[in-house]
Amino acid sequence: MEAVMRINGIVNGFVWGPWTLTLLVGTGIYLTIILGVPQIRYFGFMFKEVIGRLGKKQEKTEGSISSFSALATALASTVGTGNIAGVATALHLGGPGALFWMLISAVFGMTTKFAEVTLAVHFREKDSNGQWRGGTMYVLEKGTGQKWLAWLFAFFASFASFGIGNAIQANSTAEGLALGFGVPHLATGIVLAILTAAVIMGGINGIARVTTYLVPFMAIFYIIGALITVGVNGANVPAAFGRAIKYAFSDPMAMPGAIAGWSIKMALTKGLARGVFSNEAGLGSAPMVHAAATVDHPVRQGVYGLFEVFTDTIVICTLTALAILTTSSLVGQPELTGAQLSLTAFQEVLGQTGVMILSTGLALFSFSTILGWYWYGETSVTYILGDSKPVIMGFKVMWILVLLVGASGGGGKFLSNIWNMSDTMNGLMAIPNLIALLWLSNEVKKLVKDFDDKRRKGILE
């Protein structure tokens, strides 16, 4: 096993290294150019589409869940520990400059997610149970004809789901409740297992029903807490942004030569990596749920992908970063990192109330991620093994068992190994996904042109 983990460490260093991160951001830049800067062109339409359609009756078009429900489920998986612990870790390792690069990754990541979602809806299909399925594996098989790459993506995603989307999130939920309310890990695990089982037994419709209500509540709850924390130190916000820009290109310790270059590299790589890890743009995960949306045109659902990255990184991650940078937590206690660093920032301003807000937010973010990533895992496994009831039920049972191990804090080295390996698999998902995006970039361009033409002619609103 040690040999396997050594190999995993080497592969991990590559898939989350500078070359892959450059390819991820580079793909976003390329798509932004050829698609006519959709994150700006559709910015107003994005809010009109997402907010304006709330409560409206769904049109009679093909799909399993509403467009907003698909967005909520996708946000359930993307808004997770990366928004709290991941941002804090990036700032701890990369300094204030990491915030700048995180935002850069989000700006171009909006277009990447837009293209991913558009292709997923365009190439989706119904399974033998009448359920809409889609995602990078279907895009690769039907759009490029490279079924071996499709299989590889599904394999990476199914394995990653147990770590990134299950064990680690369950552990974070338990940690959040233990920090804020003193709830024992095992008790959290049992309750979490029961709640998760009740939701996932209903399939995508059951998951969507819960996330449609849970995600807006948890996002607003956390955003209000973060806004208060930042607002109390509002005078420090301009300086925080100033440091983010300055130290994105210079060494915060004013060290010369190679050491300064290393410092800037850390800000860049950690900022980009945490941004990608948080919003998952370029990894190909979220399109699997967007593909189930009831929508009249693939590009319309792609706009929901724009909103997803905007909310996750530009809003929530930025607020977390500002909460840290406008307090003394980063420089006052340099030994702190992860969730503890974020917690200290909230506590400095709001006291025990801040601890409870952050702990509750961490628990809700993690629980919602478990629900969203379940669908990614199921979609990937059924692509490989088929969509028979025994396969789906077996996956549900395994999901609950891994969740219990993660939440209880048990597993020790097992939990650490599954995290490290799934983190690598999560990064490996990006490679076939980026191949699909670049290969089919002209297809996305045609779909965008068709959508714009139909809106101009009044065929689509």
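The values are calculated or read from the model by the stated rules, or taken from the named source; none is laboratory data. Source: prediction; values computed, not measured. Methodologically, a virtual Cβ is constructed for each residue, glycine included, from the backbone with ideal geometry; neighbour enumeration extends over all protein chains shown. Side chains included, ligands, DNA and RNA excluded: accessible areas come from the protein's heavy atoms. Shrake-Rupley method; radii C 1.70, N 1.55, O 1.52, S 1.80 Å.
For V309, what is the net charge nearby, where nearby means another residue's Cβ is under 9 Å from its Cβ and Lys, Arg count +1, Asp, Glu -1?
Counting the neighbours of V309, the net charge comes to -2.
Please give the net charge around M288, taking every other residue with its beta carbon less than 15 angstrom from that of M288, where Lys and Arg add +1 and Asp and Glu add -1.
Cβ neighbours under 15 Å give a net charge of -3.
Within the chain, which DSSP H helices have Cα atoms that stretch 27 Å or more along the helix axis and a mean Kyte-Doolittle hydropathy of at least 1.0?
97-122, 203-232, 389-408
With an 8 Å cut-off on Cα pairs and a minimum separation of 6 or more residues, tell me the relative contact order of the chain in percent.
Reported relative contact order: 37 percent.
So for each of 112-118, 380-386, 402-408 I average, over its residues, the number of other beta carbons within 10 Å; can you give me the resulting order with the highest mean first?
112-118, 402-408, 380-386
State in Å² the accessible area per residue of the chain; use a 1.4 Å probe, count heavy atoms of protein chains only, and round to the nearest integer.
That works out to 38 Å² for each residue.
Using a 1.4 Å probe on the protein heavy atoms, what percent of the accessible area of the chain belongs to carbon and sulfur?
68
Give the label of the value calculated from the structure for Cα Rg over 2.2 N^0.38 Å, choosing from [x] 1.27; [y] 0.92; [z] 0.98.
Computed from the coordinates, Cα Rg over 2.2 N^0.38 Å corresponds to [y].
Counting other C-beta atoms within 10 Å, and keeping those with at most 14, which DSSP coil chymotrypsin sites (Phe, Trp or Tyr not before Pro) do you find in segment 156-233?
none
Just list whichever of K142/K396; K147/K454; K48/K113; K126/K446 have alpha carbons separated by over 26 Å in the model shown.
K142/K396; K147/K454
If the only charges are +1 at each Lys and Arg Cβ and -1 at each Asp and Glu Cβ, what is the size of the charge dipole of the chain around the Cα centre, to the nearest 20 debye?
Roughly 800 debye for the chain.
Can you give the net charge of the other residues whose Cβ lies under 12 Å from the Cβ of A160, counting K and R as +1 and D and E as -1?
Once all neighbours under 12 Å are counted, the net charge is -2.
Hey, can you rank 38-46, 97-105 by average C-beta count inside 10 Å, highest first?
Packing proxy ranking, top to bottom: 97-105, 38-46.
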